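For reference, the structure is listed below as structure tokens.
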Amino acid sequence: MTSTVHAELKRILQRTRVIAVVGISANTVRPSYFVARYLKLKGYRIIPVNPGLAGQPLFGETIRRDLADCPPEVDMVDIFRRSEHVPPIVDDALEHLPQLRTIWMQIGVQNAEAAAKARARNVDVVENLCPKMEYQRLFGELRMGGINTGVISSRLN
């Protein structure tokens, strides 16, 4: 990644306040749960979105059925759904979230059509990255451990 991309990601993470996490799980071992939990601990307000869990509490919020049920102050949507499910999510975000500034698609999630539609509406788009990992990398929290080194050890070499 270039320093320009790093600067843009850092700018997005610094300006964001309220994140709707689409496809969140209440299962504590699922990536959507621990990413949202981490972001909550970093001071972001997390609005969980999952129609199968709607009405249940999570992270001090009520899980919403869809983006139309989210508060208008959501400024970023973090998508934990397969790439082919992204277009209607982006359409809903563009229609129902007046303060939307960023669509963030998680690792492995990309959709050029949806990204182009959001960008045409002056919404920033991040694809195939994790905001938790980027936050850790950009704000100096990775330390020496890095990401997925493939080595598990209790010894320092």
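Within region 26-43, being exposed (fewer than 14 other Cβ atoms within 10 Å of the Cβ) and under 13 Å from L58 (Cβ atoms) holds for N27, T28. Residue count for region 53-81, restricted to those that are farther than 21 Å from E134 by Cβ, of a type in the set (D, E, K, R), in contact (Cβ under 8 Å) with a residue 24 or more places away in the chain and in a loop (DSSP other than H, G, I, E, B): 2. Just to be sure before I move on: is E134 under 19 Å from L13 (Cβ atoms), touching a residue at least 40 places away in the same chain (Cβ under 8 Å) and not β-branched (V, I, T) in the structure I sent? For E134, the condition - under 19 Å from L13 (Cβ atoms), touching a residue at least 40 places away in the same chain (Cβ under 8 Å) and not β-branched (V, I, T) - is met. Number of residues in region 1-32 that are of a type in the set (G, A, S), part of a loop (DSSP other than H, G, I, E, B) and farther than 18 Å from M105 by Cα: the value is 1. Of everything listed in (1) within 24 Å of F139 (Cβ to Cβ); (2) touching a Leu at 6+ places or on another chain (Cβ under 8 Å), the single unmet condition for I63 is (1). None of I46, I89, I107 is in contact (Cβ under 8 Å) with a residue 60 or more places away in the chain and either surrounded by 18 or more Cβ atoms within 10 Å (Cβ to Cβ) or assigned to a loop (DSSP other than H, G, I, E, B) (or both) except I89.
Being assigned to a loop (DSSP other than H, G, I, E, B) and either of a type in the set (A, V, I, L, M, F, W, C) or under 18 Å from L9 (Cβ atoms) (or both) is a property that holds for L100.
When I103, I19, I79, I46 are screened for being under 11 Å from the mean Cα position of the chain (by Cα) and more than 19 Å from E127 (Cβ to Cβ), only I46 passes. Each residue in region 95-129 was checked for being in contact with a Phe, Trp or Tyr (Cβ under 6 Å, 6 or more places away or on another chain), within 14 Å of A20 (Cα to Cα) and aliphatic (A, V, I, L, M), and 0 pass.
Since every read-out is calculated from the coordinates, none of them should be taken as a lab result. Quick caveat, the model's predicted, so the values are computed rather than measured. Because the Cβ atoms are built from the backbone with ideal geometry, glycine has one as well, and the counts that use them run over all protein chains shown.
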